[in-house]
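Below is one structure, written out as structure tokens, with a few remarks after it.
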Amino acid sequence: MDVTNVVVEAMPHFEGYVYPNEATLEPLWSVLIVLYPYITGLVAGAFIMASLVRVFRVKALEPVYRLSLLTAMSFMLCATLPLLIHLGHPERCYEIMMTPHLTSPMAIFGFVYAWYLMAVLLLELWFDYRLDFVRWSKTEKGFKGLLYRILTVGVTDESVGAVALDHKLSWIISIVGIPSAFLLHGYVGFIFGSIKANPWWGNVLMPIIFILSAIVSGIALCVIHYMIVSWVRRKPIDMRCLDIMGMFLFYALVVDATIETLDWVHRIYSKEEDFAVIQQMAREKLFFSLNIGQALCGTLLPLLMLGATQLARKRIPDIVRKRMYLASGMLIVLGVLAMRWNVVIGGQLFSKSLRGFMSYKMEFTGMEGLLMGGAVLALPFVIFVVMVKLFLPEKSPAQAAEAVTI
Amino acid sequence: MNTRFKLPPQIVRLVLLTVGIVGSYLIARAFLTPSSFGQYGWYRGDALMEAASHPRTFAGKPACTECHEEQAKQLAKFNHQSLSCEVCHGPGQAHVENFDVKLPVLTHGHCLRCHEKNPSRPHWHKQISSREHFPGDKCIECHKPHAPSEVP
């Protein structure tokens, strides 16, 4: 046998010095754990987008209010899926609820998730849709009719007072929802940021970076969804709404990019003994996903494009602006995915000895492979399409009634 | 005039629904929480016994020494004395139970796991670069793992 093969057999994936417990075939947290903060971030971001309408009264964004909530909901339903698949044994999923752990940081996600899904998203959607459910349940037949009837929970009050109460409660839940959305995603950042021994993760700015990048990715996804839904339905895009979305996306991206740069400056300056390994990570190991994916395509290019639309909005024709918004949205959504990759995988690619590197080659099939990752990421979009079909008709009964009264 | 305060129907239904969900959760918990949960901490107390009852794969050094006394004595004189037999030879419980079951065949990958040159290893630890140190030859052609300081 050739000796080089023996060496490869003995130490297949490592460079330099790696501790025995780090010498695993692939990182313990693989692509599914990359998707988990990504999907959760999209939920939080899409919800913040919706709250711009309800809490901050940005009237121009009214056309995308429900779309944002449905986006948040469809991703929320899949947020725990990567964790479930990663842990294996999905048949044990109920056990986390039967024996809840009150002091484990990891288990706290169960509480944060349950609060956000049950007390915030579902309630806000229900109060917003209640009147529509009542009206749809009267007009629709068959399965859809039954679904709408179930969703009314037996409340068929259409009086002005009841609707006013719906609006008020929806507004209160939105206000509660903003800190909850921050909590939901700040928590994910906290999980990484609290690992003091890992210089790539241990940083108090981590929760803030996660929240900001979540807001950016959520708004970008809403831009994409709005444009695609309008295109599929052959409906004209409300340019004022799109411009305002672009404006918020730009400002959110500016703040996000600034804080992420600050994080890097802080890291470079303060991590004295870890600096060499961080430098090698940025220059070699994560060169493409960090410099090209996250910094150039995910941040710089969208900043330039969105900045141009802010500076010269009137001079750029509508069609060009639309393309620029769509391109920026897509680049940002991919850039944030690259950011999650860099955090999750990057933090596991170097040894705690700071003198060695592990590697990660994603498998294609298998529970933690590319196919599974793709399926997990595609599922929220499928749910979104179903939700749009069910809950976002071209004109909802409530909107139609409002149009008549106005 | 009826001035009695009446809860709005949405609130009544939501409260009922919440009570229903929380109630069914509590009932499910009463049935599905394992009886030994919380006995020692946030886990099933029975899990300890279950883990202990798994079939053994490693036999331990004393079990090897019972039959291979000569090798054990030799090993005790040299630098590999602190190593357990199964570190190099692999898990041996099946072999202890039935001598017909053979242990896995060794390759020099085993030697190189500890002795391949690596600047992070302490200097006193014997290391070679397998690309330069008699490439193509097997380690045991020159070295005795049971008596590493002896030259054959």
Original post:
From B:R113, B:R131, which residue is part of a loop (DSSP other than H, G, I, E, B), charged (D, E, K, R) and within 13 Å of chain A (Cβ to nearest Cβ)?
Top reply: B:R131
Original post:
Can you tell me which residues in segment B:91-113 are crowded, with 16+ Cβ neighbours inside 10 Å, modelled with pLDDT under 90 and within 19 Å of the chain's Cα centre (by Cα)?
Top reply: B:H110
**OP:** Starting from segment A:37-54, take each residue that is more than 15 Å from A:I209 (Cα to Cα) and list its partners that are outside any helix (DSSP H, G or I), counting only C-beta distances under 8 angstrom and pairs at least six apart or across chains.
**Re:** A:I39/A:C78; A:I39/A:A79; A:V43/A:A79; A:L52/A:V58
**OP:** Exactly one condition in (1) aliphatic (A, V, I, L, M); (2) in contact with a helix residue (DSSP H, G or I) (Cβ under 6 Å, 6 or more places away or on another chain); (3) within 13 Å of chain B (Cβ to nearest Cβ) is not met by A:A23; state its number.
**Re:** (2)
**OP:** Considering only segment B:1-40, state which residues are surrounded by fewer than 12 Cβ atoms within 10 Å (Cβ to Cβ) and within 10 Å of chain A (Cβ to nearest Cβ).
**Re:** B:I21, B:A30, B:F31
Subject >> Residues located in segment A:149-199, provided they are part of a helix (DSSP H, G or I), among the aliphatic types (A, V, I, L, M) and farther than 28 Å from A:R57 by Cβ >> reply: A:I150, A:V188, A:I191
Subject >> Of residues in segment A:146-205 being polar (S, T, N, Q) and in contact with a Phe, Trp or Tyr (Cβ under 6 Å, 6 or more places away or on another chain), the one farthest from the other protein chains (Cβ to nearest Cβ) >> reply: A:S180
**OP:** Show the residue pairs that are 6+ apart or on different chains and have beta-carbon atoms under 6 Å apart, the first residue being within segment A:372-392 and under 16 Å from A:V43 (Cβ atoms), the second being at pLDDT 95 or above and of a type in the set (S, T, N, Q).
**Re:** A:P380/A:S74; A:I383/A:S74; A:F384/A:S74; A:M387/A:S74
**OP:** List every residue pair whose Cβ atoms lie under 7 Å apart, where the two residues are 6 or more positions apart in sequence or sit on different chains, the first residue falls within segment B:138-151 and is assigned to a loop (DSSP other than H, G, I, E, B), and the second residue, located anywhere, is surrounded by 15 or more Cβ atoms within 10 Å (Cβ to Cβ) and polar (S, T, N, Q).
**Re:** B:H146/B:Q71; B:H146/B:Q74; B:A147/B:Q74
Original post:
Which residue pairs have Cβ atoms under 6 Å apart, sit 6 or more places apart or on different chains, and have a first residue in segment A:92-109 that is facing another protein chain (nearest Cβ under 7 Å) and a second that is surrounded by 14 or more Cβ atoms within 10 Å (Cβ to Cβ) and charged (D, E, K, R)?
Top reply: A:M98/B:R29
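Going by the structure shown, is A:A257 under 25 Å from the mean Cα position of the chain (by Cα), buried (at least 16 other Cβ atoms within 10 Å of the Cβ) and at pLDDT 95 or above?
The answer is yes for A:A257.
The values are calculated or read from the model by the stated rules, or taken from the named source; none is laboratory data. Only a predicted model underlies this, so the values are computations on that prediction, with no experimental measurement involved. With ideal geometry, Cβ positions are generated from the backbone for all residues, glycine too; neighbour counts draw on all protein chains shown.
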